[in-house]
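So the structure is just underneath, and the comments pick up after that.
The values are calculated or read from the model by the stated rules, or taken from the named source; none is laboratory data. What you see is a predicted model, and the numbers here were worked out from it, not measured in a lab. Backbone-built Cβ (ideal geometry, glycine too); neighbour counts: all protein chains shown. With ligands, DNA and RNA removed, areas are computed over all heavy atoms of the protein, side chains included. Shrake-Rupley method; radii C 1.70, N 1.55, O 1.52, S 1.80 Å.
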Amino acid sequence: MIETSFTLPCGLILPNRIVKAAMTEKFSDVDGHATPRHACLFERLAEGGAGMLITGNVVIDPRYLEAPGNVFIEDDSGLDALKRWAAAGKSRGVRMIMQLNHAGRQTPASVSPVSIAPSAVPLNLGTFFSVPRAMSDVEIEEVIGRFAFAASLAEKAGFDGVEIHAAHGYLISQFLSPRINKRNDMWGGSIANRARLLVRVVEAVRGSVSDGFAVGIKLNVGDFIKGGLEPEDSIAVARMLDPLGVDFIELSGGTHERAVSFGFGDAPKGPRSEAYFVSYARDIRSVTRVPLILTGGMRSAQVMRDVLQARHCDLIGMARPLVIEPDLPRLLLRGALREARSFSLKLPASPRANLLELLWSREQLIRIADGKAPKLNASPKLSLYRMLWDELGFRRRRARFVARFPVQPSSIFVALANGLRKPRPDQGAARPAA
């Protein structure tokens, strides 16, 4: 079944069931625009044969990046670069999706010493990340408008759709988590209130793009950390998304503090220790008609066929295996390979090991973007040194960066959010403190 086409609710046809899931690229230019590296990388990934490619984080607010080097959208000044990126990814008939994100409290301190979050709950990861403060209602409305504007620009650039990142502990995920969201207003408390930001973002994005443009969500099936988002709440969120015109939900899990989506931590495993989140996909499938992408641990063609045949999901997401073998989708589809090449850095499980593995994977992305083959014997420590060098360079530029993007909320995006707002029966209803 992985070789069969699939049609999203918006009418977009995917040539096969394999999706290249997001991996952060972090090689924008100093203005936050896409570069020739982005085009080269995605043209090569398109040659690899996946039916749909999802970009790494494109950040909707340059003040709160996921990492230095993220592409970000503040206005349309980078539109031509986005057009080249989209065209490169679509060069082999592949569908190209831009992932939109806001880091919230997971903003590195090198980007900003202070970040925003639903509540002032810092990460338990030392001083690498900025100190969060609670958002005002105006700032929340601004975020909604920024997502809508970024989606409309992605469509102008030629992308086939966007994926709204509501997983992995970033801003929307923070609102969903009762461990981080301590608000007692309309944005906190019950799961309906904690999901209000996601619902409003989906409505605003859907209202800012054409009917044939895909709008997807990346959603945690659970945070897998005490007090975080529970699977029952994820099911409730999926049910809320069902009537909103969402074209796919990509299922993942964990946060920076519990990186289960990368094979670390205690998330239950599926068949042959693959498909980390397949049991949760079964439950979510029962409450929504939205197509599901299952990402996390997928390696063998047989397991992919099994989960598709059982209708636990509709599409298969893969990320890190493609930095080792960019042609993997094509080889799996042709039957030339039965499973992804087994490879491990053999690092003891720890937050530092998680970071090194991510940095090593990014190092391979850079090699592919530079027209080179992956280098499997590359040192993870060298990848760490590159990250530190990038961080140092960003710190040197930060004064100029901060001057360009003032801290005050932008009335333009607030007005856009309110202009796209759809009346809801419960809109404006406040919830007393729990």
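Worth a mention:
- Counted residues, the range 45-69 - those being farther than 28 Å from residue 132 by Cα and out of contact with any Asp or Glu (no Cβ under 9 Å at 6 or more places or on another chain): 5
- Pairs with Cβ under 7 Å, 6+ apart, first in the range 203-232 and part of a helix (DSSP H, G or I), second open to solvent by 10 Å² or more (accessible area, probe 1.4 Å) and among the acidic types (Asp, Glu): 231/283
- Sole residue being surrounded by fewer than 19 Cβ atoms within 10 Å (Cβ to Cβ), out of contact with any helix residue (DSSP H, G or I) (no Cβ under 6 Å at 6 or more places or on another chain) and part of a loop (DSSP other than H, G, I, E, B), chosen from 378, 373: 373
- Qualifying residues in the range 394-410 (those that are open to solvent by 90 Å² or more (accessible area, probe 1.4 Å) and part of a helix (DSSP H, G or I)) - the one farthest from residue 201 (Cα to Cα): 396
- Some residue of the range 163-176 being at negative phi and open to solvent by 20 Å² or more (accessible area, probe 1.4 Å): no
- Considering (1) open to solvent by 10 Å² or more (accessible area, probe 1.4 Å); (2) in contact with a strand residue (DSSP E or B) (Cβ under 8 Å, 6 or more places away or on another chain); (3) assigned to a helix (DSSP H, G or I), the lone condition that residue 150 does not fulfil carries the number (1).
- Taking the range 1-43 as the range and being open to solvent by 10 Å² or more (accessible area, probe 1.4 Å) and of a type in the set (D, E, K, R) as the test, the residues that pass are 3, 17, 26, 29, 31, 37, 43.
- Residue in the range 1-40 that is farthest from residue 83 (Cα to Cα), counting only those that are hydroxyl-bearing (Ser, Thr, Tyr) and modelled with pLDDT under 95: 24
- Scanning the range 306-343 for residues that are farther than 23 Å from residue 41 by Cα, over 21 Å from the mean Cα position of the chain (by Cα) and either open to solvent by less than 10 Å² (accessible area, probe 1.4 Å) or basic (Lys, Arg) (or both) yields 307, 308, 311, 338.
- Of the residues contained in the range 182-196, one or more are found to be within 30 Å of residue 75 (Cα to Cα), among the aliphatic types (A, V, I, L, M), out of contact with any strand residue (DSSP E or B) (no Cβ under 7 Å at 6 or more places or on another chain) and not in a helix (DSSP H, G or I).
- Residues in the range 107-123 that are within 19 Å of residue 182 (Cα to Cα), under 21 Å from the mean Cα position of the chain (by Cα) and part of a strand (DSSP E or B): 115, 116, 117.
- Test result for residue 130, within 19 Å of residue 112 (Cβ to Cβ) and touching a Ser or Thr at 6+ places or on another chain (Cβ under 8 Å): yes
- Condition broken by residue 139, with the remaining ones in (1) open to solvent by 10 Å² or more (accessible area, probe 1.4 Å); (2) in contact (Cβ under 8 Å) with a residue 60 or more places away in the chain; (3) assigned to a loop (DSSP other than H, G, I, E, B) satisfied: (3)
- Failed condition for residue 169, given (1) over 22 Å from residue 34 (Cα atoms); (2) at pLDDT 95 or above; (3) of a type outside the set (D, E, K, R): (2)
- Hits in the range 44-82 - residues which are assigned to a helix (DSSP H, G or I) and either open to solvent by less than 10 Å² (accessible area, probe 1.4 Å) or in contact (Cβ under 8 Å) with a residue 12 or more places away in the chain (or both): 44, 45, 46, 47, 79, 81, 82
- Among the residues of the range 226-240, just one is open to solvent by less than 10 Å² (accessible area, probe 1.4 Å), of a type outside the set (Gly, Ala, Ser) and modelled with pLDDT of 95 or more, namely 237.
- Criterion: under 19 Å from residue 255 (Cα atoms), over 19 Å from the mean Cα position of the chain (by Cα) and of a type outside the set (Asp, Glu) - qualifying residue of 93, 126, 78, 104: 126
- Among the residues making up the range 1-36, a single one is β-branched (Val, Ile, Thr), more than 19 Å from residue 308 (Cα to Cα) and in contact with a strand residue (DSSP E or B) (Cβ under 6 Å, 6 or more places away or on another chain): 24.
- Just so you know, in the range 105-127 the residues that are open to solvent by 40 Å² or more (accessible area, probe 1.4 Å) and either free of Cβ contacts under 8 Å to residues at least 12 places away in the same chain or of a type in the set (Gly, Ala, Ser) (or both) include one that is farthest from residue 227 (Cα to Cα), and it is 126.
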